[in-house]
Protein chains: 2
Amino acid sequence: MQEVRTFVEKFVKTSDEEWAAFRNKLQFKEFDKDELFLKEGEVCKHALFITEGAFRFYKIVDGNELVTAFFFTGDYLSDYQSFLTQSPSNYYVQALRSSKVYLISKKDLTELYNNYPNFEKLGRLFAERLFLTMNRRLDTFLYETPEGRYAELVNRNSKLLQEVPQYMIASYLGVKPETLSRIRKRI
Amino acid sequence: MQEVRTFVEKFVKTSDEEWAAFRNKLQFKEFDKDELFLKEGEVCKHALFITEGAFRFYKIVDGNELVTAFFFTGDYLSDYQSFLTQSPSNYYVQALRSSKVYLISKKDLTELYNNYPNFEKLGRLFAERLFLTMNRRLDTFLYETPEGRYAELVNRNSKLLQEVPQYMIASYLGVKPETLSRIRKRI
DNA sequence: CGATTTTTTGAATCATATCAACGTACGTGG
DNA sequence: CCACGTACGTTGATATGATTCAAAAAATCG
């Protein structure tokens, strides 16, 4: 659980009392490889912190899987679209390998927001960070070619390339597996 | 100024005292058509609420303008990327016609966040909303064809089509003006 | 009205998608 | 431990859709 506190402390300093309130809400869970955290159509009621493991977001369009995000050890994730609005998710969220996580429910998190200004602030900082991440990802689609996106991925996140099959990376980059294969040959 | 309060009240209920603190920070400003609120390379130090007018975000890549966003009367805007991180902006933000706005500085807003939990919450809700907007826009690039994006724009935001020249809309949709012209002919 | 900007149209070009086939790696059961 | 099956990756040929370049038509502005 210490790793969760370390993560939180990157955003706000928490007193021991605050942390006690927070940790109290955390629930440990393990996922098997390929197990789903969330299904399309379900409402996402939890956020989770990955102690060890890897997850992906994907949706199914015309029978094809389209991958939209990856998360790894040390990341915090939720389907925010669904989590924030409490509306049905458009995504599947799946463990890519067996994983250990701590869950916190929307209800408990909202309670923490309301009872501790410090956690309200945490919520703001999370949301701002999410926005920045999204913004950057959108930029790569607007301003970069598939080749540029791949190059950027190699620089920023080469860990990802080792952990994830190439056809998922292709999908994440918005191209077909054949195309990614050709991009790689060109380099 | 009432319209700003109305806007804020959509997110949090404010007491008269809180509102007094908020309004105190607002600064009125008018923009001429084509005047810039922000230049590439500048740090965005303000957010603004549009009382009357229209703005666009764009960047210049290889000598071409790429439009990334539009905002109209009743919208709240900032270059959040730059505003949140206080790093140089990648964008130009320009009035599309003469406009009236209320400004609030990053410094003052941060102060409000720190002094009033209610405004901290406002900040969270803003950021969450921003994220949702970004998320949807990214989705349209990932899952829709240019034709689909145009169709969605027509449904959601037909006002935009009347206010904005077509070549800017093309850029916003990620296609060349010639292509948008052809898409429109097909429909 | 004339000048400039914006939109449309046409033809050639380029990049990715698609379809199909082949190669390779991996792991499971015999 | 081998053999086979399945999933993954590569390669080639063709198709599709947007871009590019050029020019004409239409709309806007002084």
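Any read-out appearing in this document is the output of simple, stated calculations on the displayed coordinates, not a laboratory observation. Just so we're clear, the structure is a prediction, and the values are computed from it rather than from any experiment. Positions of Cβ are backbone-derived with ideal geometry, glycine not excepted, and every protein chain shown enters the neighbour counts.
Can you give the FRET efficiency for A:N115 and B:K25, using 1/(1 + (r/R0)^6), R0 = 22 Å, r = Cβ-Cβ distance, to the nearest 0.05?
Efficiency, rounded to the nearest 0.05: 0.20.
Do any GluC sites (Glu not before Pro) in region B:82-182 lie in a loop, going by DSSP, with at most 15 other beta-carbon atoms within 10 Å of their beta carbon, and if so which?
Here the sparse-neighbourhood loop sites are B:E144.
Have a look at A:V101, A:V154, A:V67 and tell me which one the Gaussian network model of chain A (Cα, springs below 10 Å) gives the largest fluctuation.
A:V154
Just subtract the alpha-carbon distance of B:T85 and B:R186 from 0.36 nm times their residue separation and send over the number in nm, one decimal.
32.0 nm
Can you give the mean number of other chain Cβ atoms that lie within 10 Å of the Cβ atoms in peptide B:111-119?
For this peptide, the per-residue mean of nearby foreign Cβ atoms is 2.
For chain A, what is the charge dipole size about the Cα centre, in debye to the nearest 20, if Lys and Arg each add +1 at the Cβ and Asp and Glu each add -1 at the Cβ?
The dipole magnitude comes to about 440 debye.
Over the Cα atoms of chain A, each weighted equally, I'd like the Debye log10 I(q)/I(0) at q = 0.08, 0.09, 0.18 Å⁻¹, rounded to two decimals.
-0.28, -0.36, -1.30
Tell me, what HN-Hα J-couplings in whole Hz come from the Karplus equation 6.51 cos²θ - 1.76 cosθ + 1.60 at θ = phi - 60° for each residue of region B:148-160, using x for Gly and Pro?
x, 5, 5, 4, 5, 4, 4, 5, 6, 8, 5, 3, 4
Given the pairs A:K29/B:K107; B:K45/B:K159; A:K45/B:K121, which span a C-alpha to C-alpha distance of over 31 angstrom in this model?
Pairs exceeding the cut-off: A:K29/B:K107.
Just to check I understand the Karplus step: with θ = phi - 60° and J = 6.51 cos²θ - 1.76 cosθ + 1.60, what whole-Hz values come out for region B:55-64, glycine and proline as x?
9, 10, 9, 8, 10, 10, 10, 6, x, 9
Could you list which residues have their amide H under 5 Å from that of A:T73, counting only those 5 or more apart in sequence or on another chain, with H placed in the peptide plane?
Close amide H contacts, sequence-distant or interchain: A:G53.
Cα centroids of region A:70-97 and region B:1-46: how far apart, whole angstrom?
Computed from Cα coordinates, the inter-centre distance equals 33 Å.
Mind giving me the nanometre distance, one decimal, between the label points for B:E65 and A:Y143, set 7 Å out from Cα along Cα→Cβ?
Each label point is offset 7 Å from its Cα along the Cβ direction, giving 1.7 nm.
How much mean residue ellipticity at 222 nm does chain A get from its helices, if each DSSP H run of length 4 or more adds -39500 (n - 2.57) and you divide by all residues, to the nearest 500 deg cm²/dmol?
After summing the helix terms and dividing by residue count, I get -15000 deg cm²/dmol.
Between A:T133 and B:S15, what is the label-to-label distance in nm when each label sits 7 Å out along the Cα-to-Cβ direction?
Using points 7 Å along Cα→Cβ, the separation is 3.6 nm.
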